[in-house]
Structures are given as C-alpha cells and as structure tokens.
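Structure first, commentary second.
The numbers here are math on the coordinates, done by the rules we state, and not lab data. All figures in this text were calculated on a predicted structure; none of them were measured in a lab. Every residue, glycine as well, gets a Cβ built from its backbone with ideal geometry; the counts of neighbours run over all protein chains shown.
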Amino acid sequence: MKTASAVISFAANLEGDMAKLYEDLARRYPEGREIFLSFSKGNGQNRALLERAYYEAITDAIEACFSFEEGLDPGAYALDAKPTGAMGFADALRFAIEAEGRAKGFYEEAARLSRGLMADIPRAFEIIARKRGDRIAKLKALAEGLGPA
Amino acid sequence: MILEEPIKEVITIKNYIDGEWVASEGELMDVVNPATQEVIAKVPISTKEEVEAAIDAARRAFPIWRSTPPLSRVRCLFRMKEIMEDRFEELSRIQTMEHGKTIDESRGETRRGIENVEVATGIPSLMMGYNLEDVASGVDEYLIRQPLGVFGIVGPFNFPFMVPLWFAPYAVATGNCVVIKPSSEDPISQMKIAEIAEEAGIPPGVWNVVNGGRAVVSGMLDHPDVAGICFVGSTPVGRDIYRRCGETGKRVIAQCGAKNFILVMPDADLDRTIAACMTSFFGNAGQRCLAGANLVPVGEGLSEREYEAFHGKVVRAMAESAARIAVGYGLDDSVQMGPLRDKGKKERVAGYIGKGVEEGAKLVLDGRDVRLIGDWPHDAFLNPTVFEGVSPDMAIGREEIFGPVACIMRARSFDEAMEMIHGNPFGNSASIFTSSGKWAREFQYGVRCGNVGINVGLPAPMAFFPFSGMKDSFFGTLHAQGSEAIRFFTESKVVIQRWF
C-alpha cells in the first residue's frame, strides 16, 4: 500500500473486521462481554475518526499518493485468523491481545510514514495506536486476573 | 482495489439555463474516460444563441438576486456545501472517470472546491464596506461594495470540479449571476455542481452552465451585459481574452500557463524533498499549472567535486523514485499516477520527450515505455520521465510541457538559479527546498513568481488566499479565491453625506 486512499481503506476494513471479532467474542464469552462490546463500539469510533481526518484534510498539494512510499504490507497487519469454537476464555484473550498488537504496529507505522501529510492524518493514526496500547493493557490485566492457564 | 464507477451509462449532457435543463442544438462530442477509453458522456458544442440565452437569463435574474439579503444568498451556499459533502465520494470518482487523475487527487480537488464554497459563506462579513464619521464638519463618508451583474467563467480540463469554484461561489454570494463554460473534455463535474446548485435552492438564472467551445467563449466576450470574465487555461488564449476584455471594458482574471522551477539547496532534507517532488512533478500526471517542471540542484558553497556528488545524488533519487510510481486507472487506489487527459495530450508530451533527446538532454527515465498496474489501453498513458543536463534555452526547459516530465538543470550558485527562473517568461510558482532560513528568505523576497513554496513542492494557495501568478502566467489585477475574488466581483461605491 503506497497511497493514502489504500491505507485508509485498509484501516477502515481492519476496524470493521475487529468490531465483528469483538461482537463474536462478546456473544461467546459472557465473562468478557462488557469489555468486548466496548471495544467493538470503539472500532466504529476509530473508523469514523480516520475517515473524517482523511476526507477533511485531503488536498492535492500534499503527498497523498506518495506519502507511504516505503509501502505498508497489508499481509503483515490483516486480521486473517478467527478464534476457533473450542477456544477457552484465556485463549480468546491471548488471541485478542495478539490482534491488537498487530493493529497497533500498523497504526504506528502508518503514523510514521504519513508525517508528510496534513497533520490530522498522522495524528489520527497516533491516537488509535495509543488506544490500542490501552486495550492491550486492559486485556492483559483481565488475563492475569484469570490466574495461570 | 478498484472502486466502483459512479457513471454506469453514457450521460447526455444538457445546458442549465434559467433553472431549466435544456438540450443544445449543437453537435454532440464524446467524453472519453482516458484510462479505459470508454465513452462516458456526450457533450454539446453549444451555439452562440444558447450562450446569449444564458446571459440574458442571468441579466434578468440579477436585480432580484442582488437585492436578496446576503445572509439568504449564503444559505444557498451552505446547502450546496452540505450536498457536496453528502456526495463527496461520487463527485470525486466522477473526476477520476472524466479526467483520469487518481482517487486521492480527485478527493483533494473536491475538498479544495468545497473550501471555496465555505469561504464564500462568510460574505455577510467579508463583503462589508467601511465608514468614517466627520470627514468634514457634520459630513460622513462610507464605502459600500455592490455586485456588478453577470460574469462568465471559463474552466480548464485539468481541474474540472475545483476551478470554476474558485470564482462562482464568490460571484453568487456577492449578488452576481454566473454563466459557466466547463471544459468540453470533462464537463460532467460542472453538470453535477449545477444539479447541486438547483437542489440547494439557487434561483433560476443565477447559476447557468453552457457547454461548448470557442463560440461560447466568444459569446461571453462580445456580450455587453457580461461584466467580467474568469478564465483558467493557456497563455495565448488568456492573453487574447485579456485584450478583448480590455477593449470592451470587462473585468478579467486570466490565470494561465507555467514553467515552474524547484531549487534544491545542498542543505535540503533530500528524502522529504524527493517525496514532495514526486507529487509536484508527477501528480495529476503533470497536468497542472503549479506542477514542478525544472528541478535545479544548487551548488552554492560546494566545490566542483562536491557539487557533482550532490547533483548525481538528486538525479539518482529522482529517477529511482519516479521509476517506482505505480501508473494505472485512478479508481484503483493502489495507483499513484493516472493517464494524461487524452491521446492527443499524450502525443504532445511524447513529442517533447523526443525533442529533449534531439536537443541533447540526457534521458534518465523514459516514460514512453508504458508499464501499467492493470490491463488498460495504453492510448493516454505515459510513465514518469526524467531528463538531466537540461538547459533553460532548450524547448523542454523553456516551454510548458503539461505532462509527467522532470527536467533537471544545473546551477552552481543561488544567483544563477534565480537568473534561470527570471529568464523564463512564466511566473506562476517556484519552490525552494532548504534548511536555511537565509536562503528561504532570499528566495521568498526576490523570486518573481505568484505562488512560492518553501519546502513545499506544490504551493497551492488555500481558498482564503488568492491564487496568484505573475508575468505570462497571469493577466488581470485581482486574483481568484478569497478576498481578492470578493473585490473582483464587487464595485466600490463611496458615499459622502450630510444632512441639513
């Protein structure tokens, strides 16, 4: 992915996929229902934040087509696996932590590469990367509360 | 991912005159998607009588529109903005289909167009005059700004959505009426904007669109009821419009051709500079009046050997980055550069590349070797081209190519680079890349160009600043956009009063 359009589309899809993941987890694990639903809602907010930043700041004067020149590999960040039916709650939390870690890496890299764009866009990526860090901390705390697996 | 095309069947474009969609009696021409070569619309080449009908409608609408309170007038613009936001993606994709630019570029154009509507909604404040009490004993004096009547707007092919919006929102908000002639090469965006104006409640006759060519422009220029003309296009046509407007006493803004220089000082951040140059030289496939044309690594303070190393580094970085640019259909959002607007324009640019080789410039990257993302007809496509060893007297270094061609020149000193810029007849824009405040300040102070970039390769003024231009790049006094546009569309009337 080298263009702003491709990166924003990828991010929007990633947020959509993760929202669905958390809805699924909320259905299957009542003990984590509240946190999973709040994350799912947060994914929608992230998507709105990104799209607003992009559509309101996009301009032909700044390097929209060239700012991600180093390229972002979608394969490295896509949510391609799903939790299996047999997974226990602790494994589901580990799965979510891993997915959030990958998403955090994507947003950090996107923020770094887009520093040449209008400031709203890298700022939006940074905000979401920080939120991802907060989520990972919450999920880890929940996992630790379960005791050793 | 290739985004869905919003145009599903061939559109037959009509004129929008006096609030009605009217079929033209003129011949219909094909509007072709330059990437796919599919016909997407039929546009009429309207007659002189048809443009006269539009001017007459505008003239008749003017008295009521000018007496409509400014607040009511701009409420129509607020509604236009809202509708444009709702249809943002559709409007952007249409630009890609009719012009060829990438979807990122089209969205950027839509945003900049909307920004002009937004600025014009400030007219109740921006149009205010001023006053002074007691200029003599018991005598007050004040200035009021009044609209002039009917304005003609002639749009270019390279920004089919945005450029008419540099003018029309300000004209209409200040109480004038407009007749817009879009480029016949990509007229769909202006048809959509007229639909939006209609939906937003702009009264019949205030906003008119007449499609066509020279007959329409001549009809505007010759008509005594047209108070002024706004034009964006080539220098020969702009110069002619300026002359004819002078003869008939019309106001004129004519923003014209360009040959823009970019200086790279030895202390520049080269990575950021080259990234900015990709947008500047190759964005919009080089078809814009602010596009970089001549890149000049400047050897100020360097020995001969150091300069050769610096120059070589810039040439290699430009060529390597340009070679990596993904070229294809602009609705594929992995694409970084789209096609030229049409086959004829491609041939013209390819002709310049051939001429550059004949003149002795070194072809570092040949864009005539077309490599695309996706299986599209090559008719209008070129890849980026990079020349080095270009001198200011070569045709490729002197004339506007209007395509994705970068010409790299040599200047051993800052002064020599400035002489190169000033030796060129155009004065649209120029940029410098440097970490030195001193060089940036010297450049800003001395360069005779309207739009200046400091570590910005494409110094496109925002809607609240004028889009400037000097020398052969501009004919007129006041420029497009912002407060200068408001001055252009209004007459200053000064009143002195006393009461007995």
Cβ-defined net charge surrounding B:V22, 11 Å radius [Lys, Arg +1; Asp, Glu -1]
-3
If B:I64, B:I486, B:I153, B:I103 are placed from fewest to most neighbouring beta carbons inside 10 Å, the sequence is B:I64, B:I486, B:I153, B:I103
Whole-Å semi-axes of the range A:31-129's equivalent ellipsoid, largest first, each the root of 5 times a Cα gyration tensor eigenvalue?
31, 16, 9
Rounded tilt (10° steps) of A:4-28 against the dominant C-alpha axis of chain A
10 degrees
On a 0 to 90 degree scale, rounded to 10, what angle separates helix B:88-99 from the longest Cα axis of chain B?
60 degrees
Taking just the C-alpha trace of the protein assembly as shown, give me its Rg and Dmax in Å.
27.2, 98
Counted charge near B:I45, where neighbours are those whose Cβ lies closer than 15 Å (Asp, Glu -1; Lys, Arg +1):
-2
Could you pull out every one of the lysines with an alpha carbon less than 26 Å from that of B:K313, ignoring same-chain neighbours closer than 8 positions?
A:K2, B:K259, B:K355, B:K362, B:K438
Using DSSP to call loops (not H, G, I, E or B), can you name the trypsin sites (Lys or Arg not before Pro) in the range B:375-420 whose Cβ has at most 16 other Cβ atoms within 10 angstrom?
B:R412
So, counting K/R as plus one and D/E as minus one, what does the shell of residues with Cβ under 13 Å around B:V139 add up to?
-3
List the residues, sorted by chain then number, that are 5 or more residues from B:W207 or on another chain and whose placed amide H is less than 5 Å from its amide H.
B:V178
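Given chain B, what percent of its DSSP beta bridges are antiparallel, to the nearest 5?
Percent antiparallel among DSSP bridges in chain B is about 40.
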For helix B:304-323, report the angle its Cα long axis makes with the longest principal axis of the Cα atoms of chain B; keep it between 0 and 90° and round to the nearest 10°.
60 degrees
Expected 222 nm ellipticity per residue - DSSP helices of 4 or more, -39500 (n - 2.57), all of chain B, to 500:
-11500 deg cm²/dmol
Net dipole in debye of the range B:164-253 [+1 Lys, Arg Cβ; -1 Asp, Glu Cβ; about Cα centre; nearest 20]:
380 debye
So what's the back-of-envelope 222 nm ellipticity for chain A, counting only DSSP H runs of four-plus at -39500 (n - 2.57) apiece and dividing by all residues, rounded to 500?
-24500 deg cm²/dmol
In terms of modelled amide H atoms, which long-range or inter-chain residues lie less than 5 Å from the amide H of B:D332?
B:L3
Towards the positive end of the charge dipole of the protein assembly as shown, with charges on Cβ (+1 Lys, Arg; -1 Asp, Glu), say which of B:M278, B:P392, B:I123 has the farthest Cα.
B:I123
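Evaluate chain B: find the radius of gyration of its Cα atoms, find its Kirkwood radius, and give the ratio Rg to Rh. Intermediate results must be reported in sequence, preceding the final value.
Numbers: Rg = 23.6 Å, Rh = 23.6 Å.
Looking at chain B, the ratio lands at 1.00.
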Theoretical FRET efficiency, 1/(1+(r/R0)^6), r = Cβ-Cβ of B:R79 and B:A309, R0 41 Å, to 0.05
0.10
Share of antiparallel DSSP beta bridges in the range B:305-413, in percent to the nearest 5?
35 percent
Straight-line reach from A:K140: which lysines fall under 27 Å, measuring Cα to Cα and dropping same-chain residues less than 8 apart?
A:K20, A:K41, A:K82, A:K104, A:K131
Set Lys and Arg Cβ to +1 and Asp and Glu Cβ to -1, take the dipole of the range B:289-385 about its Cα centre, and tell me which of B:L295, B:M318, B:V357 lies farthest positive.
B:V357
The protein assembly as shown - charge dipole about Cα centre, Lys and Arg +1 at Cβ, Asp and Glu -1, debye rounded to 20
820 debye
Gyration tensor (alpha-carbon) shape descriptor, the range B:1-41, a/c threshold 1.5:
oblate
Magnitude of the charge dipole, chain B, Cβ model with Lys/Arg +1 and Asp/Glu -1, debye to 20:
800 debye
